[in-house]
Amino acid sequence: MAGRVLRSCVQTALKTVNSVLGLAGMAVILYALWMLRAWYSQVAELHYHLPVPWFIYAFLGLGVFLCLLTCSGHIAAETANSHCLSCYMIFVFFIIILEGAVTTDVFLNSNWEEDFPDDPSRKFEEFKDFVISNSEMCEWVGLSVVAAQVKSSAPSLKN
């Protein structure tokens, strides 16, 4: 009886935390689509045929990855299969390591912007200005996403 209650609590916690990750993924996809629409409207005004900047593709890919990660987390929570949980944990581990590497690079490398390719659309600059002007909100959103990822990996470590 206690085992079923504990399992139900862990499943509910994992699903709740994955919902936060899913919402973050959907927000990133919507932002990427908005940037894509803005890019094409600006390019159409210039009558040029330019490739879409890497920054927009990176955001779109990150959003899709977060949504897929959320789906796998919900499947892992529902089935409580050790193979599903292991695969899910590997994905969460790699994304946390990637986030840590990027964060470390930004904080420790004063020339971190040189690591990225040029962005002719200036959307990266607009995003950077937005983050700087809303730094406290962005810090809380980033902290919430990382906490959700860590929390989603913590219950499955106990199994």
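The values are calculated or read from the model by the stated rules, or taken from the named source; none is laboratory data. All of these numbers come straight from a predicted model, not from anything done at the bench. Please note: Cβ atoms are built from the backbone with ideal geometry, for glycine as well, and neighbour counts cover all protein chains shown.
A few notes on this one:
- If you filter region 1-12 down to residues that are part of a helix (DSSP H, G or I) and among the hydrophobic types (A, V, I, L, M, F, W, C), you find that the one that is surrounded by the fewest Cβ atoms within 10 Å (Cβ to Cβ) is A2.
- Every pair of residues 6+ apart whose Cβ atoms lie under 8 Å, when the first sits in region 60-76 and is over 16 Å from V28 (Cα atoms) while the second is of a type in the set (S, T, N, Q) and part of a helix (DSSP H, G or I): G73/N18; G73/S152; H74/N18; A76/S156
- Residue match in region 37-55 (condition: among the polar types (S, T, N, Q), at pLDDT below 80 and either part of a helix (DSSP H, G or I) or closer than 23 Å to A147 by Cβ (or both)): yes
- Restricted to region 102-119, and to residues there that are of a type in the set (F, W, Y) and part of a helix (DSSP H, G or I), the residue that is surrounded by the most Cβ atoms within 10 Å (Cβ to Cβ) is W112.
- Filtering region 13-58 to residues that are in contact (Cβ under 8 Å) with a residue 60 or more places away in the chain and loosely packed, with under 14 Cβ neighbours inside 10 Å leaves only L50.
- When F94, F124 are checked against the criterion of being closer than 22 Å to G22 by Cα and at pLDDT 75 or above, F94 stands alone in meeting it.
- Of the set (1) modelled with pLDDT of 80 or more; (2) within 17 Å of S19 (Cβ to Cβ); (3) not small (G, A, S), all apply to Q149 but (1).
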